Structures are given as C-alpha cells and as structure tokens.
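Each remark here refers to the structure printed beneath this line.
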Amino acid sequence: MAFDVEAVRAEFPILSREVNGKPLVYLDSGASAQKPRAVIEAMTKVMEHSYANVHRGLHTLANETTDAYEAARKSVARFINAELGEVVFTKGGTEAINLVAAGIGAGLKAGDEIVLSEMEHHANIVPWHFLRERLGVVLKFIPVLDDGRLDMEALPGLLTERTKVVAVTHMSNVLGTINPVAEIIAMAHDAGAKVLLDGCQGIVHQAVDVKALDVDFYVFSGHKLYGPTGIGVLYGKAAELAALPPYQGGGEMIGEVSLEKITYADPPHRFEAGTPPIIEAIGLGAAIEWLNGLDREAIAAHEARIYARVREGLNGANWLRVLGDAPGKGAILSFTIDGAHAHDVAQILDRYGVAVRAGTHCAEPLMRRFGVTSSARASFALYNTEGEADIFVDALNRTQAFFA
Ligand SMILES: Cc1ncc(COP(=O)(O)O)c(C=O)c1O
C-alpha cells in the first residue's frame, strides 16, 4: 500500500493552522501526537449521540456506550494480538507502569532485584524507586553505550536469582533507539524474571505482537498513538494479571462487598476501579482503527526518509551534537547546539513555526549519562513531510547563527 502523506495530513485539522505567521511544523509528536478527524468525530459522536456511564445501566444509552467502550478494548486487543481479558484501560502509560510496580511490589522483599536501563523515562524509573524506598528492593541499570544502544553485554551480569522484573523501554523517547526486546525478554525469562516493556514510543512506530514477543506486560499511552489524552493500555498475560492484586478500590472492580469482606472481579475489570475514561477509550479505539487503514511499514519507511533528510541537511553542522545514533533507530532527533540553551533553541524555532521539545525529556539519568542538563528534541510522525524537514533544517541553521 503506498503512503500518501498529503492525504494523511488532510485528516489532521490542526496541521493547516499557522504559528507566528508561519505554517505549523509540528515536530513534537513524541511528547503528544496530533489527532485525526476520525478520533475527534468518534469522541464527539459518543457525546452527542449515546453518552452514559458504562457497565451499570439497563437503559439504551448505557448499553450503547458500554458496547462502544468494549469495542475499543477489542480494537486494542486485535492491534497487539492479545486476548480481550488481557487489555486493561488506564489513564496513561505512566499509570499502567505504576499499576504493575505496585502489584508486583506487594510480593517483593528487601534484596529482591529489578533491572531497568539508563535510558528509561521517569515513568519507568520512579514507580520502581518507590519499591526501593518502601521495601528495600535493589535497582540495577543496563548501561547505555555512546551511540545510544543498550550495553547488552552487561545484561547477563545484572541478572541473578533475585531478579524479579526486567523493565525497559521498547524505544527511547530521547535517543530514538529501538531496543533488542526479544533478546532481553529471552534472557530475563531464562533468569526467571518477568518483563515489562514500556511501549509508549515503540508502538507508535512499529507493529507490536505481544504473543510473538512473549512479553509479560506491555504498556502504552493513547495520546502518542494519535488518540486522546487520559487513556492508556496495560497489556498483561492472563496469568500475570490474575496474580496481581488490585491497584485501586471502588466501583466496578469488585465481585462482592459486605461490611466484613470483599472479593474482586476478574481482570481486566479488577484494575478499572470507578468510572473509566469512557470517551477517551472510544477515541483510542478510533485511532487504532484509523491506523489499521494505513500500511504501518510504509509509515515507518516514510518516517525514516524524513529523518534521513534532516540528518543529510545537517551534515557538516559542526555546532550540533546529536544524542543517539544507534543503527535502525526511530525518527527522533535529540540535539544540543554549542553555546545555546535548549529552551532558547526551542523558543527561536517556534518563531519559524517549528514546534520541538526542550528539557530533560523526563529522562534525567540519561541526560547525566551524556553529560548534558537538557537537549532539544525533534520527533517525527507520519504526517511530517520532506518540505517540513527542509524548513526545520533551515530554521535550525538560522537559530545557530543567532548564537554564533
Ligand atoms: C518512553 C516513555 N515512557 C513513558 C512515558 C509516559 O507517558 P504518559 O505521560 O503518557 O503516561 C513517555 C511519555 O513521554 C515516554 O516517552
């Protein structure tokens, strides 16, 4: 299937706006992607047509909304090749990781070990630090090599009989590195550890088959996948979810409640206490169905082309330092400019209509690893064009001239 970027762009109303008198060049999709009309319309439709709370009504609107909410779960399950009961809706990737860490933590003791990596987003560091603080579990980190790859030779030495969990990102939100997750999963399983993959970036740029991966937990956020905010997914193998205690208590997650005791619902509902993000789940379902209509390999090739064009355009820019050059990396360019603070770089680029992120990218340990306090980051998505790549390169050259 050919990939027609102009046809795709036409489905994103926001992309036709101007910023500071210039056409918007949105290169911050790694932080949050823009939304196609299919998502906006699905969310509007449910609010205008059949909105009610889910799972608890006997009237038509409640049944229609429940059907739409559960249809979204089906879309997610098909998208990642999971069973329906293995898909838990959360409010985001962060909440999904917290849910798993808290649940697994309930069974850990001081001295148990958790292996993370130096390139993790804080969402996949802080929940495990909670366990270190509260229980005395030991955190170990797979080092990152200078080119942005994980130091896989170090991993066997980090795995012991006390390793309970290996939790790593599928794709780095800073370096763009796509990690060798199949290898990591096999090694962790050999050591008797469970594996959680943070797929917040990874699933946006490649197809994910949780069964083929044999991963225990896979998490992602809706808003980076062209869906809305306020919705995320926790995939867990059925047996793993069944073994986890509930995360939050409230309505809809119980079997029975009396004054003396409680029993819990089976997964996934055990982990969806209270009124869930109904409209957001329906929006995520629409985003996935919309993506299913595109050729994901063609999208990946398109994004790689845009990235390569930017790198070519910046060839010879000796004032630029790029963080992360791993082979096969995704379309994320994190960089510093000699003598310029990343925040200033982002603000000047904004004058040219170019939106990039600047800061630590919620990855302070990784920033330290590369000896920087911050960087600017351009993250590319399916709707970016070669023309936008050229505008970005030109704007970056002008930005640098400002500091020279
Ligand atoms: C790799 C990675 N993990 C986790 C997160 C957290 O996602 P959210 O803020 O949507 O919960 C992000 C967001 O930037 C991310 O890039």
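Filtered by the rule that a residue be assigned to a helix (DSSP H, G or I) and more than 13 Å from the ligand (Cβ to nearest atom), segment 85-96 gives GLY85, GLU86. In segment 109-137, which residue that is in contact with a Gly (Cβ under 8 Å, 6 or more places away or on another chain) and part of a helix (DSSP H, G or I) is nearest to the ligand (Cβ to nearest atom)? Selected residue: ALA123.
All of ALA182, ALA273, ALA186 fail the test of being out of contact with any helix residue (DSSP H, G or I) (no Cβ under 9 Å at 6 or more places or on another chain) and part of a helix (DSSP H, G or I), apart from ALA186. Just one of the listed residues (ALA42, ALA2) is over 30 Å from VAL393 (Cα atoms) and among the small types (Gly, Ala, Ser), namely ALA42.
Every residue, every condition in (1) more than 12 Å from the ligand (Cβ to nearest atom); (2) over 23 Å from GLU280 (Cβ atoms); (3) assigned to a helix (DSSP H, G or I), yes or no:
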residue: ALA71; (1), (2), (3): yes, no, yes
residue: ASN98; (1), (2), (3): no, no, yes
residue: GLY107; (1), (2), (3): yes, yes, no
residue: ASP146; (1), (2), (3): yes, yes, no
residue: LYS164; (1), (2), (3): yes, yes, no
residue: VAL168; (1), (2), (3): no, yes, no
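The residues on offer are GLY371, GLY353, and the sole one that is surrounded by fewer than 19 Cβ atoms within 10 Å (Cβ to Cβ), more than 14 Å from the ligand (Cβ to nearest atom) and among the small types (Gly, Ala, Ser) is GLY371.
Residue by residue, here is whether (1) at positive phi; (2) in contact (Cβ under 8 Å) with a residue 12 or more places away in the chain; (3) hydrophobic (A, V, I, L, M, F, W, C) holds:
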| residue | (1), (2), (3) |
| --- | --- |
| LEU27 | no, yes, yes |
| ARG37 | no, yes, no |
| ILE40 | no, yes, yes |
| LEU61 | no, no, yes |
| GLU64 | no, yes, no |
| ASP67 | no, no, no |
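Being in a strand (DSSP E or B), closer than 18 Å to SER29 by Cβ, of a type outside the set (Lys, Arg) and within 16 Å of the ligand (Cβ to nearest atom) is a description that does not apply to ALA381. Only one residue in ARG56, ARG73 is buried (at least 17 other Cβ atoms within 10 Å of the Cβ), in contact (Cβ under 8 Å) with a residue 12 or more places away in the chain and within 25 Å of PRO246 (Cβ to Cβ). Which one? None of the others qualify; the one that does is ARG73. Only a single criterion out of (1) farther than 26 Å from ALA342 by Cα; (2) away from the ligand (no atom under 16 Å from the Cβ) is not satisfied by ILE142, namely (2).
Checking every residue in segment 188-196 against the condition of being within 15 Å of ALA123 (Cβ to Cβ) and at pLDDT 95 or above gives at least one match. Screening THR177 with (1) surrounded by fewer than 24 Cβ atoms within 10 Å (Cβ to Cβ); (2) touching a residue at least 24 places away in the same chain (Cβ under 8 Å) gives one miss only, at (1). At pLDDT 95 or above and outside any helix (DSSP H, G or I), is that true of LEU396? Here the answer is no, as LEU396 does not meet what is asked.
Based on this model, can you work out whether GLY230 counts as farther than 18 Å from ALA102 by Cβ, assigned to a loop (DSSP other than H, G, I, E, B) and within 16 Å of the ligand (Cβ to nearest atom)? In short, yes.
Consider MET152 carefully, then state whether it is among the aliphatic types (A, V, I, L, M), more than 27 Å from VAL372 (Cβ to Cβ) and more than 16 Å from the chain's Cα centre (by Cα). Here the answer is no, as MET152 does not meet what is asked. The set of residues from segment 316-326 being in a loop (DSSP other than H, G, I, E, B) and touching a residue at least 24 places away in the same chain (Cβ under 8 Å) comprises ALA317, TRP319, GLY324, ASP325, ALA326. Filtering segment 1-37 to residues that are part of a strand (DSSP E or B) and either away from the ligand (no atom under 16 Å from the Cβ) or hydroxyl-bearing (Ser, Thr, Tyr) (or both) leaves GLU18, VAL19, LYS22, PRO23, VAL25, TYR26. Taking the listed residues GLY236, GLY230, the one that is surrounded by 23 or more Cβ atoms within 10 Å (Cβ to Cβ) and under 24 Å from the mean Cα position of the chain (by Cα) is GLY236, with no other qualifying.
Entry remark, segment 327-342: residues being outside any strand (DSSP E or B) and within 20 Å of SER29 (Cα to Cα) number 5 in total.
The values are calculated or read from the model by the stated rules, or taken from the named source; none is laboratory data. Predicted model, so just to flag it, every value in this text is computed and none were measured. Heads up, the Cβs are rebuilt from the backbone with ideal geometry, glycines too, and the neighbour counts pull from every protein chain shown.
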